[in-house]
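The values are calculated or read from the model by the stated rules, or taken from the named source; none is laboratory data. Given the structure is predicted, the values throughout are model-derived calculations rather than measurements. FYI the Cβ positions are ideal-geometry reconstructions off the backbone, even for glycines, and counts take in every protein chain you see.
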Amino acid sequence: MKNSHFFAMLSRMKLIGRWGLMHNTVKEDISQHSAEVAMLAHALAVLRNTRFGGDISPERVCLLALYHDAPEILTGDLPTPVKYFNPKIKEAYKEVERVSAQKLLSLLPDDLLPFYEDLFFPKGEEALWALVKAADKLAALIKCIEERKSGNHEFDAAYHATLALLADMNLPEVNIFLEECIPSYSLPLDELE
């Protein structure tokens, strides 16, 4: 059996920085980001199920979120203003991410491939992906809050833009999280008890 380089490549997520065009008081990598997005996505799924009568798997949402940026191991984190500058760049980058995901999956042994392929190329899970995307934006909002709390005004515009994007998603569980949980991110540790 051939050696599998898949997990060694995934461990490199901690080497890929985020927010590359902005001054950061605290550096963030895609490994940290993915863990936070996974926790947030899980919370959104739980909120949907408990408060809005949903019937989705929080565990599945969490797993999709954990792997959502794995292709960036090979592509790097392309800054949002570049990624969405125009439709051609956006489509080209989607193709680059697709090729990157295929390359990562090719590093798995054949018998493990089916367990990971649908994490990189899921089918028919739009409702779950909507929560992952919302969690991704919530993680960005939290990063902005933390940077602003440290006096870094570089994140002011990103904060307002991200808040507007979250409002436009019109997801009730996101609204609940914004109302009930986000204010705590502005508090010092002593006030979180």
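A few points about this structure:
- Residues in region 171-193 include none that are surrounded by 14 or more Cβ atoms within 10 Å (Cβ to Cβ), within 22 Å of GLU72 (Cβ to Cβ) and of a type outside the set (A, V, I, L, M, F, W, C).
- Residues of region 12-55 classified as outside any helix (DSSP H, G or I), over 16 Å from the mean Cα position of the chain (by Cα) and of a type in the set (Val, Ile, Thr), total: 2
- Note on region 56-141: enclosed helices (runs of 4 or more DSSP H) holding 3 or more residues that are charged (D, E, K, R) and under 24 Å from ALA161 (Cβ atoms) are 87-105.
- Pairing each residue of region 102-114 that is within 10 Å of SER4 (Cβ to Cβ) with any residue that is assigned to a loop (DSSP other than H, G, I, E, B) and modelled with pLDDT under 95, provided the two are 6+ apart or on different chains, yields C-beta distances under 7 Å for LEU107/SER4; LEU107/HIS5; LEU108/SER4; PRO109/MET1; PRO109/LYS2; PRO109/SER4.
- Those residues of region 86-121 which are touching a Phe, Trp or Tyr at 6+ places or on another chain (Cβ under 7 Å) and either of a type in the set (Gly, Ala, Ser) or under 25 Å from SER57 (Cβ atoms) (or both), in sequence order: ALA101, LEU104, LEU105, LEU108, LEU119, PHE120
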